[in-house]
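Single-structure report; data block below.
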Amino acid sequence: MKKLILVVFLVVILSGGMAVAAKQNISIVIHGGAGTIQRDQLSAAQEESIKQALQAALDAGYAVLESGGDSTQAIIAAIKVMEDSPNFNAGKGAVYTKPGKHELDASIMRGSDLEAGAVAGVSFTKNPILAAEQVMLNSPHVMLAGSGADTFSELKGLAQVDNDYFDTEARFKAWQEVDAKTKAKKAEIASGQDVLDAEFKFGTVGAVAVDQAGNLAAGTSTGGMTYKAWGRIGDSPVIGAGTYADNRSCGISATGHGEFFIRYAVAHDICARVRYQNKSLQQAADEVIMEELKSVGGSGGIIGMDPAGKPVMVFNTPGMYRGYKTTEKSKVAIYGDE
Ligand code: ASP
């Protein structure tokens with residue numbers, strides 16, 4: 001009997017210990033876009049509002065992880081908060097296309113089995129990240145685009161809105177400025193090329209997390225770039241460019257000038273350096289963002305996480321809305337020097 005009690009005691013202690021050890025792994029990192037974000041451009045009230053929204057997103061994602069939820073649900077929870085916030089260029093608050101509408105892109109990827117889903121150019125789906133999840137879970141495809149993607153999300157019971165739901169005054173002002181500049185320059189309006197070469201305000205959102213089971217997931221959601229040509233698709237819904245997750249290397253969500261991130265397959269390239277060259281995630285991300293991309297004028301950044309739950313945030317722009325929450329520390333930041 002005494003032996004039995006001892007065995008039971010040991011099993012309880014060991015399993016408890018293991019649960020604690022596994023739990024220490026949980027971690028989430030987010031971004032709300034990179035760009036020319038400098039102190040003189042934001043009022044104290046705007047700064048506060050952005051930081052609060054970042055913190056709310058982190059808390060929502062972390063709560064899922066803490067309660068034993070998986071990393072895909074954690075990143076969806078975080079991204080949904082940012083899609084619903086007018087502070088970011090995703091969901092409500094998305095930028096305007098050249099014709100003055102909104103077309104949204106999103107993607108999600110699971111590191112345990114490399115399953116992924118994405119939607120591109122949706123106009124009526126309230127939370128594009130939920131549509132990306134549905135593509136991953138309930139379709140044989142990886143990416144759906146345009147009206148077909150909206151129809152699919154509606155059929156899956158996701159909330160639909162009028163396109164002007166995504167309107168905000170600040171984004172409309174940005175559209176007006178670019179419109180005036182473009183017309184003044186007599187640019188080739190149909191191509192949007194002139195604007196894509198100009199300076200942008202970004203604001204895409206993304207999240208990467210690792211759960212108690214040690215599984216990584218990454219996701220990204222965006223309105224794209226101000227004044228983008230109709231039908232233009234950026235890196236955010238492209239698996240390997242704006243989003244990637246593989247338990248054998250890392251999870252990544254990117255933000256920046258999408259055309260560069262697609263051509264340099266940024267998210268996958270970083271994970272490949274980790275996997276095949278045994279580099280740390282920090283080193284791999286520094287090489288790709290601060291050296292390769294920067295040298296060709298590709299501005300932006302990434303957030304990433306390794307399977308041990310170490311968050312990484314790298315950007316070659318003056319600022320990036322960002323934050324992370326681990327079992328040890330939580331932080332949100334905007335500018336490059338914080
Ligand atoms: N990467 C996004 C795009 O090119 C924009 C952004 O991150 O702000 O569509």
Can you work out the PRE-style zone for LYS329? Point 7 Å along Cα to Cβ, and I want the residues of segment 300-318 with backbone N under 13 Å.
310-313
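Within 14 Å, Cβ to Cβ, of ALA131, how many net charges do the neighbouring residues add up to if Lys/Arg are +1 and Asp/Glu are -1? Walk me through the numbers before you get to the answer.
Details: positive: LYS80, LYS126, LYS156; negative: GLU83, GLU103, ASP105, GLU133, ASP150, GLU154.
The answer is -3.
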J(HN,Hα) series, segment 258-266, from Karplus relation 6.51 cos²θ - 1.76 cosθ + 1.60, nearest Hz, glycine and proline x:
x, 4, 5, 5, 6, 5, 9, 6, 4
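Tell me the relative contact order for the chain as a rounded percent, counting alpha carbon contacts under 8 Å between residues six or more apart.
Details: 874 pairs, mean separation 83.0, N = 338.
It rounds to 25 percent for the chain.
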Roughly what would the spin-label model give for GLU177 and ASP59, points 7 Å off Cα along C-beta, in nm?
3.1
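Given LYS126/LYS310; LYS98/LYS331; LYS51/LYS156; LYS51/LYS126, which pairs have Cα atoms separated by over 26 Å?
Numbers: LYS126/LYS310 32 Å; LYS98/LYS331 36 Å; LYS51/LYS156 33 Å; LYS51/LYS126 23 Å.
Going by Cα-Cα distance, LYS126/LYS310; LYS98/LYS331; LYS51/LYS156 fall outside the 26 Å limit.
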If you take the beta carbon distance between ARG263 and HIS141 as r and set R0 to 22 Å, what does 1/(1 + (r/R0)^6) give as a FRET efficiency, to the nearest 0.05?
0.40
Cut-off 12 Å between beta-carbons: net charge of the residues surrounding GLY240, Lys and Arg +1, Asp and Glu -1:
-2
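Probe radius 1.4 Å, ligands and nucleic acids left out: which of LEU144, LEU137 has the largest accessible area, and how do the rest follow?
On the way: LEU144 35, LEU137 85 Å².
My answer, sorted largest first, is LEU137, LEU144.
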With all protein chains present and a 1.4 Å probe, how do GLU115, GLU47 order by accessible area, largest first?
GLU115, GLU47
Treating cross-link reach as a plain straight distance, find the aspartates and glutamates whose alpha-carbon is under 14 Å from the alpha-carbon of LYS228, omitting any fewer than eight places away in the same chain.
GLU103, ASP105, GLU177, ASP179, GLU188, ASP194, ASP197, GLU199, GLU259
³J(HN,Hα), Karplus 6.51/-1.76/1.60, whole Hz, each residue of segment 319-333, x for Gly, Pro:
x, 8, 5, 7, x, 8, 9, 10, 5, 9, 8, 9, 8, 10, 8
Could you give the dipole magnitude of the chain about its Cα centre, charging the beta-carbon of Lys and Arg +1 and that of Asp and Glu -1, in debye to the nearest 20?
580
So if I take the centroid of the Cα atoms in segment 289-334 and the same for segment 211-284, what is the distance between those two points in Å?
12
Chain lengthening between ALA170 and ARG39 when straightened (0.36 nm per residue, less Cα-Cα)
45.4 nm
Relative to a virtual label point 7 Å from the Cα of TRP230 in the Cα→beta-carbon direction, which members of segment 152-166 show backbone nitrogen distances below 19 Å?
162-166
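Based on alpha-carbon atoms only, what is the radius of gyration of segment 23-335 relative to the globular estimate 2.2 N^0.38 Å? Show your work: numbers first, answer last.
On the way: Rg = 17.7 Å, N = 313, 2.2 N^0.38 = 19.5 Å.
For segment 23-335, the normalised Cα radius of gyration comes out at 0.91.
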Treat each spin label as a single point 7 Å out from the Cα along the C-beta direction, and report the THR151 to SER67 distance in nm.
3.6
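For every other residue with a beta carbon closer than 11 angstrom to the beta carbon of GLN176, add +1 if it is Lys or Arg and -1 if Asp or Glu, then tell me the sum.
+1
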Return the calculated 222 nm mean residue ellipticity for the chain, to the nearest 500 deg cm²/dmol, obtained by summing -39500 (n - 2.57) across DSSP H runs with n ≥ 4 and dividing by the residue count.
-11500 deg cm²/dmol
Could you check the spin-label model distance between LEU114 and SER49? Points 7 Å from the Cα along Cα→Cβ, value in nm.
4.3
Looking at GLY234, ILE108, LEU65, which one has the Cα that reaches farthest to the positive end of the dipole of the chain (charges on Cβ: Lys, Arg +1; Asp, Glu -1)?
LEU65
Amide H neighbours of ALA217 under 5 Å, counting only residues 5+ apart in sequence or on other chains, H built in-plane at 1.01 Å?
GLY111, ALA209
Accessible surface of LEU281 - all protein chains present, 1.4 Å probe, nearest 10 Å²:
10
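The values are calculated or read from the model by the stated rules, or taken from the named source; none is laboratory data. Everything quoted here is computed from the prediction, not taken from an experiment. Note that we place each Cβ from the backbone using ideal geometry, even for glycine, and neighbour counts take in every protein chain shown. The area values use the complete protein model at the heavy-atom level, side chains included, leaving out ligands, DNA and RNA. Shrake-Rupley method; radii C 1.70, N 1.55, O 1.52, S 1.80 Å.
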